[in-house]
Amino acid sequence: QVQLVESGGGSVQAGGSLRLSCAANGRIRGGYCMGWFRQAPGKEREGVAFIEDAGTTTYADSVKGRFTISKDNGITLYLQMNSLKPEDTAIYYCATDDRRNGCPSLHETSFRYWGQGTQVTVSS
C-alpha cells in the first residue's frame, strides 16, 4: 500500500502564502493521479487540484490563478497557495489513485489512498 503524509499547514493572514507537501511512501504505478482536497467545517470535501503522471493539471475555479500543484518524481506532491483568502480555511488532504490512467473529474472523491490532512487557517 501507499502511505501519504502531509505537511506545511499553518495559520496565515489573508493575502499570504503557504506551500503544502505530501510525501508518498510506497510504490505508485505509472499513469497515476495525485491530488489535493479540502474540507471546511460543516462543508463537503471538495477537490482542489489534480496532477497526472504525465503532468496534466486541473484546478477548481475557486483556486485557479492562486494555487499551483506540482510533483517531484511522483514521490512528493506540492501545493503552492498564494493570495490566500479566509474562504480557503480548511483541512487539506493529499490523495492518490493508481488504478486509473490519469485523473478523473474534480468532483470525484473516491481515491484509493489518503493522507491524514493538514490544517490551513487564513485570518482576515
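Q1 falls short of the stated requirement of being exposed (fewer than 13 other Cβ atoms within 10 Å of the Cβ) and modelled with pLDDT of 95 or more.
Results for (1) polar (S, T, N, Q); (2) touching a Lys or Arg at 6+ places or on another chain (Cβ under 9 Å), shown as yes or no for each residue.
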position	(1), (2)
V12	no, no
G16	no, no
R19	no, no
N25	yes, no
F37	no, yes
G42	no, no
G47	no, yes
F50	no, no
T58	yes, no
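Of the strands (runs of 3 or more DSSP E) lying entirely inside the range 10-83, those carrying at least 2 residues that are more than 18 Å from Y113 (Cα to Cα) are 10-13, 18-25, 57-59, 67-72, 76-81. When you look at A54, is it closer than 21 Å to I75 by Cβ, open to solvent by less than 20 Å² (accessible area, probe 1.4 Å) and of a type in the set (G, A, S), yes or no? Considered against the rule, which asks whether it is closer than 21 Å to I75 by Cβ, open to solvent by less than 20 Å² (accessible area, probe 1.4 Å) and of a type in the set (G, A, S), A54 comes out as no.
Looking only at the range 13-46, residues that are buried (at least 22 other Cβ atoms within 10 Å of the Cβ), under 17 Å from E108 (Cα atoms) and within 12 Å of the chain's Cα centre (by Cα) come to 6 in all.
Going through (1) in contact with a helix residue (DSSP H, G or I) (Cβ under 9 Å, 6 or more places away or on another chain); (2) of a type in the set (V, I, T); (3) assigned to a loop (DSSP other than H, G, I, E, B) one by one, V120 falls short only on (3).
Right, A95: more than 17 Å from V5 (Cβ to Cβ), in contact with a Leu (Cβ under 8 Å, 6 or more places away or on another chain) and at pLDDT 95 or above or not? For A95, the condition - more than 17 Å from V5 (Cβ to Cβ), in contact with a Leu (Cβ under 8 Å, 6 or more places away or on another chain) and at pLDDT 95 or above - is not met.
Residues of the range 74-95 that are open to solvent by 60 Å² or more (accessible area, probe 1.4 Å) and on the phi > 0 side of the Ramachandran plot: S83 alone. Residues in the range 101-114 include at least one that is closer than 28 Å to Q1 by Cβ, at pLDDT below 95 and open to solvent by less than 10 Å² (accessible area, probe 1.4 Å).
The values are calculated or read from the model by the stated rules, or taken from the named source; none is laboratory data. Since this is a predicted model, take the numbers as computed values, not measurements. Ideal geometry is used to build each Cβ from the backbone, glycine not excepted, and the neighbour counts take in all protein chains shown. Ligands, DNA and RNA are excluded from the accessible area calculation, which covers all protein heavy atoms including side chains. Shrake-Rupley method; radii C 1.70, N 1.55, O 1.52, S 1.80 Å.
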